[in-house]
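To keep things clear, I will list the structure first and then write my remarks on it.
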Amino acid sequence: MSNLTLKKENGIAEIHLHINKTNSYGLEFYKELNAAIDEIRFDSSIKVAILMSDVPKFFSAGADINFLKAAEPRYKTQFCLFCNETLDKMARSPQIFIACLEGHTVGGGLEMALGCDLRFMGDQAGKIGLPEISLGVLAGTGGTQRLARLIGFSRALDMNITGKTISPQEALDIGLVNDVFPQEQTREKVLEYAEKIVNSASYAAANIKLSIMNGKEMPLNVAIRYEGELQNLLFRSDDAKEGLSAFLEKREANWIGA
């Protein structure tokens, strides 16, 4: 793949972005990202996937403006739809998807990060936000919808209609990112987090994710029933039997991820 590299080892998949100097993308990148996500979804050995940039100073600046300017409106509409369908796959996959943000994360770059389950950022990574209004458009690959569900409708409205970009600490304060690490340690800390998930009750973690991500779109009474169905699956799992035994025997559990 010319725009990204997929690496898989010890239960962790790393998706490395290297499109251009700002990781500004077009359709070809999203086709490659879609294929990488599909490969991860069908690999039961992978428990965590991390999106990261190999480009200095940028996670991603979003869609390439020259690409958008040249494309016909109907084409751009289908492009946004395809991007959203690709990002939605991450939310519907059992693997935990993490965005490792070591550089500027703006526009479609933030929307890509919003498609992940968790976001971690370096304290000197730069700015994060949705400046699409400065182009006379909205953030059309989930920027108005995923952001509102994450940080609240009022804050999301403010960020979208002002187009302001904020610092990593400000992003942490409003819940846009889960944690901020010292810049030089960001990737190391994210990998440590991923390793903890891999070495824990990863089958339970996968079902916890699905319960939260799918359940948030359901009425509460339906979501509670869905939660119960997933719990019933876990009660029958080898990991649940091992976890209960380990607790009673006062020893470390030997998780197998099933």
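The values are calculated or read from the model by the stated rules, or taken from the named source; none is laboratory data. Only a predicted model underlies this, so the values are computations on that prediction, with no experimental measurement involved. Ideal geometry is used to build each Cβ from the backbone, glycine not excepted, and the neighbour counts take in all protein chains shown. Ligands, DNA and RNA are excluded from the accessible area calculation, which covers all protein heavy atoms including side chains. Shrake-Rupley method; radii C 1.70, N 1.55, O 1.52, S 1.80 Å.
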Worksheet item: What per residue convex hull volume, in Å³, do the alpha-carbon atoms of segment 1-62 yield?
Response: 73
Worksheet entry | Measure of compaction for segment 67-157 (Cα Rg per 2.2 N^0.38 Å) | 1.11
Worksheet item: Which three extents, in whole angstrom, do the alpha-carbon atoms of the chain cover along their principal axes, largest first?
Response: 62, 41, 34
Fill in: C-alpha long axis of helix 220-235 to longest principal axis of the chain, angle in °
50
Practice prompt. Starting from the coordinates of the alpha-carbon atoms of segment 11-134, obtain the Kirkwood hydrodynamic radius over all distinct pairs and give the value in Å to one decimal.
Written response: 14.7
Worksheet item: Between 160, 3, 230, whose Cα lies farthest towards the positive end of the dipole of the chain when Lys and Arg beta carbons carry +1 and Asp and Glu beta carbons carry -1, centred on the Cα centre?
Response: 160
Worksheet entry | Angle between the chain longest axis and helix 238-248 axis [Cα atoms, degrees, rounded to 10] | 60
Item to complete: Note down the magnitude of the dipole of the chain about its Cα centre, charges +1 on Lys and Arg C-beta and -1 on Asp and Glu C-beta and zero elsewhere, to the nearest 20 debye.
Response: 460
Worksheet entry | Sequence-distant residues sharing a close amide H with residue 104 (under 5 Å, placed H) | 58, 59, 127
Discussion item. Per DSSP helix of 4 or more residues, -39500 (n - 2.57); summed, then divided by the residues of the chain. What does that give at 222 nm, rounded to the nearest 500?
Written reply: -15000 deg cm²/dmol
Discussion item. Suppose the Debye formula is applied to equal point scatterers at every Cα of segment 42-88; what is log10 I(q)/I(0) at q = 0.14, 0.31 Å⁻¹?
Written reply: -0.57, -1.12
Response to the item:
In the chain the accessible area split gives carbon plus sulfur, as whole percent at 1.4 Å, a share of 55
Response to the item:
Bridge orientation stat for segment 86-201 from DSSP, antiparallel percent rounded to 5, came to 20
Discussion item. Nearest 10 degrees is fine. How inclined is helix 27-41 to the longest principal axis of the chain, computing both from alpha carbons?
Written reply: 0
Item to complete: Considering only DSSP beta bridges where both residues belong to the chain, give the percentage that are antiparallel (nearest 5).
Response: 25
Worksheet item: If you project the alpha carbons of segment 132-258 onto the principal axes, what extent comes out on each, in Å, largest first?
Response: 60, 43, 20
Worksheet item: Could you give the accessible area per residue of the chain, probe 1.4 Å, as a whole number in Å²?
Response: 51
Practice prompt. Order these peptides, 154-162, 226-234, 248-256, 114-122, by their mean beta-carbon neighbour count within 10 angstrom, highest first.
Written response: 114-122, 154-162, 226-234, 248-256
Worksheet entry | Highest-first arrangement of 126-132, 100-106, where packing means the average Cβ count within 10 Å | 100-106, 126-132
Worksheet item: Taking every eigenvalue of the Cα gyration tensor of segment 115-175, multiplying by 5 and rooting it, what semi-axes result, largest first, whole Å?
Response: 18, 14, 11
